[in-house]
Amino acid sequence: MNEWIIAAAAAAFTLLCPIFFTIYLFTDLYEKKCCFAFYVLRFIKLHGGYAQPYHGGIAFHLTDKKAFLLPFGEMISANKRFRILRGFRLLAYSHVIEIGSAADPGKALILAALAQGGSAAAGAAVKAGRKCRSFKSDVLLHQGHDVAKISQRTILVFNLLLLLCAVWKLFLRKILEWSAEHEKNRKKTESK
């Protein structure tokens, strides 16, 4: 009897224990390149790579020889696919913006001030809505160099139960899509 209680408590703890998912992004606007890495529990790397724009969308380079092309038209419809991740809670966000201009240092200073002001306003809004525990931002001003870089870290928290529900929802959606397609094809063959 005690084994069942211990097993049920261990299962409940495993399903409800928080899991931290960290996303690192590094964007260099001059090189038009965005590097990314995904970690679980801050030290287990899931995947990494970089993204670059191409004439019709964005190319995600997952390995040296493999890239995933995402056209701009599909990005608009992709918003519906990511609604399943609504249960992930934003725990912390931080970014560092690096700005510099060799030709016009005054312009870089104004951009840095605007970036810091915008970050402060965004941080206040996020914290007021209690949607994030920690929001940090910094701006680095480079003198004598043309620089436009953004480094970001986002920490999301979820639990295994939420992830299993999301996978189940995706599975059911795929079954419904397959069933509708199968019914549509069946009606086409019957009408001929």
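Which of the residues that make up the range 4-38 are within 25 Å of Gly100 (Cβ to Cβ) and in contact (Cβ under 8 Å) with a residue 24 or more places away in the chain? Residues satisfying the conditions are Tyr24, Leu25, Phe26, Thr27, Asp28, Leu29, Tyr30.
Cβ-Cβ distances below 8 Å connect the following pairs, each with a first residue in the range 165-189 that is closer than 19 Å to Leu15 by Cβ, a second residue that is not charged (D, E, K, R), and a separation of six or more residues or different chains: Cys165/Gly87; Ala166/Ile84; Ala166/Leu85; Ala166/Gly87; Lys169/Ile84; Leu170/Ile84. Restricted to the range 154-192, and to residues there that are out of contact with any strand residue (DSSP E or B) (no Cβ under 7 Å at 6 or more places or on another chain) and among the aromatic types (Phe, Trp, Tyr), the residue that is nearest to Arg89 (Cα to Cα) is Trp168.
I'd like the residue in the range 153-192 that is touching a helix residue (DSSP H, G or I) at 6+ places or on another chain (Cβ under 9 Å) and charged (D, E, K, R) and, out of all such residues, is most open to solvent (accessible area, probe 1.4 Å). Going through the qualifying residues, I end up with Lys169. Residues in the range 120-132 that are farther than 18 Å from Tyr24 by Cα and surrounded by 14 or more Cβ atoms within 10 Å (Cβ to Cβ): 3 in all. Just so you know, in the range 106-115 the residues that are exposed (fewer than 15 other Cβ atoms within 10 Å of the Cβ) and not small (Gly, Ala, Ser) include one that is farthest from the chain's Cα centre (by Cα), and it is Lys107. Sort out which residues of the range 119-152 are out of contact with any helix residue (DSSP H, G or I) (no Cβ under 8 Å at 6 or more places or on another chain) and closer than 30 Å to Thr14 by Cβ, and write them in order of number. Listed by number, the residues that qualify are Arg130, Lys131, Arg133, Ser134.
The values are calculated or read from the model by the stated rules, or taken from the named source; none is laboratory data. This structure is a prediction, so every number in the text was calculated from the model and none was measured. Glycine also receives a Cβ, built like all others from the backbone with ideal geometry; neighbour counts cover every protein chain displayed. Ligands, DNA and RNA are stripped out before the accessible areas are found, and what is left, the full protein with its side chains, is counted by its heavy atoms. Shrake-Rupley method; radii C 1.70, N 1.55, O 1.52, S 1.80 Å.
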